[in-house]
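Written out below as structure tokens is the structure these notes cover.
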Amino acid sequence: MYRSTNGGHDWMAVFGSRVCEAMAVSPGFSTDHTLWASMASYSASLGLYVSNDGGDHWALLAPSVRGQVIAPSPNYAVDQTLFVGASDSGVFKSGDRGAHWTLVLTQL
């Protein structure tokens, strides 16, 4: 994953040798500055990360959650709901900003 702070003129690596499998921006980004990224290395899943400061700092949110799609609820500021779609298991849901996860749709 790379980041630009000057309109795309310059870019810097955010996670070095890791692979970003999915990324999502909070619907309220202009006020909450929240981003999520599903990260992996070339040999293992690293989990779901969150940044609450526009990408300056990242924290591991859910080490067991790996997804190819991350979707916050359009009303995330109120309901704190996130969805993650994982090609190897199905769709997971969290109603508490990613602290706890439930498998809500298994892979067909």
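The values are calculated or read from the model by the stated rules, or taken from the named source; none is laboratory data. Because the structure is predicted, anything quoted here is derived from the model rather than measured. Neighbour counts run over all protein chains shown; Cβ positions are idealised from the backbone, glycine included.
What to note about this one:
- From Gly47, Gly28, Gly90, Gly8, residue being more than 14 Å from the chain's Cα centre (by Cα) and closer than 22 Å to Thr106 by Cα: Gly90
- Any hit, the stretch 16-38, residues being surrounded by 14 or more Cβ atoms within 10 Å (Cβ to Cβ), within 15 Å of Gly67 (Cα to Cα), touching a Cys at 6+ places or on another chain (Cβ under 9 Å) and among the aliphatic types (A, V, I, L, M): yes
- For the stretch 75-82, the condition of being in contact with a strand residue (DSSP E or B) (Cβ under 9 Å, 6 or more places away or on another chain) and either of a type in the set (Lys, Arg) or modelled with pLDDT under 90 (or both) holds for none of the residues.
- Strands (runs of 3 or more DSSP E) wholly inside the stretch 41-108 containing at least 1 residues that are surrounded by 15 or more Cβ atoms within 10 Å (Cβ to Cβ) and free of Cβ contacts under 8 Å to residues at least 60 places away in the same chain: 45-51, 59-62, 69-72, 82-86, 90-94
- Of the residues making up the stretch 26-61, just one is touching a His at 6+ places or on another chain (Cβ under 7 Å) and acidic (Asp, Glu), namely Asp53.
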